[in-house]
Amino acid sequence: MQKTLWLGSLSLSLATVFGIALLNTGCIPEKKDQAPTTSQPDPLENLDLSTPRASFETMVAAINSDNQAARLACLTTSEKNRQAGSAALNLMQLAVQSPSAGDRFLKLLDDHGLTQNAINHAMATYGAGSVGMPGFTEKLGAKIKDLPKFHNEISKLATRPPMQDLIFTSANLENHQMIGRIKIGDRDASIVFRQIDGDWLIDSPTN
């Protein structure tokens, strides 16, 4: 399996990631009250998303531990959709390149609502030219049923490349956006953070 499917790489499509139509705000769902004898700890309730640095470092820890739920909790809905849409496009390409596995890949897409008709409709309605590739992948990802499950299944297909050091260096308000500066190995990069319901979530790359 090619490395292009690994959603934790920091384009992320940072694709990704790697917000998911199911999660309306991209934030951690509110915990339901349960009886003391039956309550189970919510594995996401203690995630630190209080600052851009905390959110980024939480995401890096989630990537390193292959914790898809925690990784997705660090992303906005738009970014989760972009990452899912990018993964779907990669999967379609791999289905063409690898006929022996193509039926399995296409079935995975069909199971999540990306039938050929849905894909054709997205191409005809949006097309990468009108909204740009990030916009198109976001529209495509929004059509996927049960996005958390889709992200999890895609992650199991991927071969994880060696992890580069991911280091947060700073965050500053620029043009009404919070821009984070990070290092990916020896390369500098920038990402956008958005504050939603008090949490700072990773939204998209800027380069």
Contour excess over end-to-end distance, with Cα ends at S170 and D110 and 0.36 nm allotted per residue: 17.5 nm
Among K145, K183, K139, which comes first, then next, by fewest other beta-carbon atoms within 10 Å? K145, K183, K139
What does the stretch 52-91 give for Rg and for Dmax, in Å, if only its C-alpha atoms count? 10.9, 32
So, relative contact order of the stretch 55-207 in percent, Cα under 8 Å, 6 or more apart, is 24
For the pair N120 and I184, what calculated FRET efficiency results from E = 1/(1 + (r/R0)^6), where r is the Cβ-Cβ distance and R0 = 45 Å, to the nearest 0.05? 0.80
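The numbers here are math on the coordinates, done by the rules we state, and not lab data. Computed from a predicted model, the values in this text were never measured in an experiment. Neighbour counts run over all protein chains shown; Cβ positions are idealised from the backbone, glycine included.
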